[in-house]
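Please find one structure pasted underneath; my questions will follow.
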Amino acid sequence: MRLFEDEVTLGKGLNDFTAKNKKNLGLVSLDVPLISNLDVWVNIALIKQYHENLSAYKAQELVLRYLTRYSLEDISNKRNHALTNRERFCAMLLRAAMVRDSIVVIDRPFTIIPDVQDDLFIYDSLKAVDDSFKECHIFDYLWSKDRYRMIDV
């Protein structure tokens with residue numbers, strides 16, 4: 001968890017972290033949206049297809065297994081605009097986790113899922129796929145601290 005006082009320091013912190021971890025970075029951010037003209041499963045599968053030469057069939061099977069962990073297999077053929085905020089967050093998280101030895105970075109999660117009041121949904125989502133990434137870092141503003149169940153940062 002990395003909390004920042006303002007947008008400038010958060011942006012700098014995120015840029016510095018991204019530069020140091022470029023090879024394995026899986027970013028969950030509104031600045032890196034799902035590709036709007038592709039189905040959810042393709043958005044997620046592209047990483048494995050491109051970097052590991054996985055066939056479309058095997059990539060789709062893999063994605064469906066992960067979506068099943070969230071009970072979201074029914075969104076596999078939907079496009080970004082048809083998703084709820086929570087579905088979009090899960091799809092973006094899965095896409096980030098597809099990077100080999102992924103270091104997942106979640107950039108201001110409450111901007112992606114504004115209807116979520118605390119971190120329970122975020123951590124439940126991470127726990128469901130925690131075997132698919134190496135580590136996770138959340139970047140957010142200091143004023144969001146109370147939305148996370150932490151005593152001290």
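State all residues of region 58-84 that are closer than 26 Å to residue 23 by Cα and open to solvent by 40 Å² or more (accessible area, probe 1.4 Å); if no residue qualifies, say none.
Listed by number, the residues that qualify are 58, 60, 61, 64, 65.
Limited to region 103-113, what total is found for residues that are farther than 17 Å from residue 10 by Cβ and either over 11 Å from the mean Cα position of the chain (by Cα) or open to solvent by 20 Å² or more (accessible area, probe 1.4 Å) (or both)?
1
While we're on this one: For region 25-56: of the residues being free of Cβ contacts under 8 Å to residues at least 12 places away in the same chain and of a type in the set (Ser, Thr, Tyr), which is least open to solvent (accessible area, probe 1.4 Å)?
Out of the qualifying residues, it is 55.
Another question, then. How many of the residues in region 2-15 are open to solvent by 70 Å² or more (accessible area, probe 1.4 Å), part of a helix (DSSP H, G or I) and under 17 Å from residue 105 (Cα atoms)?
Residues in region 2-15 being open to solvent by 70 Å² or more (accessible area, probe 1.4 Å), part of a helix (DSSP H, G or I) and under 17 Å from residue 105 (Cα atoms): 3 in total.
Filter region 107-141 for residues that are within 21 Å of residue 3 (Cβ to Cβ) and of a type in the set (A, V, I, L, M) and give the result.
Correct list: 112, 113, 116, 120, 122, 126, 138.
If you don't mind, there's one more thing I want to ask. Every residue in region 59-91 that is in contact with a helix residue (DSSP H, G or I) (Cβ under 8 Å, 6 or more places away or on another chain) and among the charged types (D, E, K, R), please.
Within region 59-91, 69, 73, 78, 79, 86, 87, 88 meet the criteria.
Only one of 139, 121 is under 17 Å from the mean Cα position of the chain (by Cα), of a type in the set (Phe, Trp, Tyr), surrounded by 12 or more Cβ atoms within 10 Å (Cβ to Cβ) and not in a helix (DSSP H, G or I); which?
Going through 139, 121 in turn, the sole match is 139.
Does any residue in region 1-23 that is of a type in the set (Val, Ile, Thr) come within less than 9 Å, Cβ to Cβ, of a residue that is open to solvent by less than 70 Å² (accessible area, probe 1.4 Å) and not in a helix (DSSP H, G or I) six or more places away or on a different chain, and which pairs are these?
Hits for this filter: 18/25; 18/27; 18/105.
Check region 61-78 and report whether any residue there is within 23 Å of residue 39 (Cα to Cα), within 12 Å of the chain's Cα centre (by Cα), in contact (Cβ under 8 Å) with a residue 12 or more places away in the chain and assigned to a helix (DSSP H, G or I).
no
Taking the options 12, 23, name whichever one is of a type in the set (D, E, K, R), out of contact with any Cys (no Cβ under 8 Å at 6 or more places or on another chain) and more than 20 Å from residue 98 (Cβ to Cβ). It would help to see each step written out before you state the result.
Details: 23 fails: more than 20 Å from residue 98 (Cβ to Cβ).
On inspection, the qualifying residue turns out to be 12.
The values are calculated or read from the model by the stated rules, or taken from the named source; none is laboratory data. Predicted model only: the values in this text are computed from it and were never measured. Every residue, glycine as well, gets a Cβ built from its backbone with ideal geometry; the counts of neighbours run over all protein chains shown. These area figures cover heavy atoms from the full protein model, side chains too; ligands, DNA and RNA do not enter into them. Shrake-Rupley method; radii C 1.70, N 1.55, O 1.52, S 1.80 Å.
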